[in-house]
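Notes to accompany the following structure.
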Amino acid sequence: RTCDQLRCTACDFRVSLFNDYIWDQSCDYLFFRNNMPELSKLRAKMIKKKGARAYACQCSWRSVVELTDLQTDQQLRWVCGKH
């Protein structure tokens, strides 16, 4: 199970998640800073991949294709935003 209410403590933005997508390798900080949370703009760098999930806030992003513990990633500042 994954939390669907993640929040970034670095940029204070809600973490968006997109099922069956991964981020293009050309994604960078400015892309997310300028385009979050506009899905129509984000789609430019989303790649369809069944079973994957793309996560992003305004300062960090991850593509997950297998079960991964995001808490072990020391660079991420994502916490549960409470349910």
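Has region 50-67 got at least one residue that is of a type in the set (Ser, Thr, Tyr) and exposed (fewer than 12 other Cβ atoms within 10 Å of the Cβ)? Break it down into steps so the answer makes sense when it comes.
Here is the first cut: in region 50-67, the residues of a type in the set (Ser, Thr, Tyr) are 55, 60, 63.
Applying the additional criterion that residues be exposed (fewer than 12 other Cβ atoms within 10 Å of the Cβ) yields none.
No, every residue in region 50-67 fails to be of a type in the set (Ser, Thr, Tyr) and exposed (fewer than 12 other Cβ atoms within 10 Å of the Cβ).
What strands (runs of 3 or more DSSP E) lie completely within region 1-70 and have 1 or more residues being touching a Cys at 6+ places or on another chain (Cβ under 9 Å) and among the hydrophobic types (A, V, I, L, M, F, W, C)?
It comes to 6-8, 46-56, 61-64.
Which count do you get for residues in region 20-38 that are open to solvent by less than 90 Å² (accessible area, probe 1.4 Å) and touching a residue at least 12 places away in the same chain (Cβ under 8 Å)?
Number satisfying all stated conditions: 11.
The values are calculated or read from the model by the stated rules, or taken from the named source; none is laboratory data. Since the structure is predicted, the reported quantities are computational estimates derived from the model, not experimental observations. Cβ: placed from backbone, ideal geometry, glycine included. Neighbour counts: every protein chain shown. Heavy atoms of the whole protein, side chains included, go into the accessibility calculation; ligands, DNA and RNA do not. Shrake-Rupley method; radii C 1.70, N 1.55, O 1.52, S 1.80 Å.
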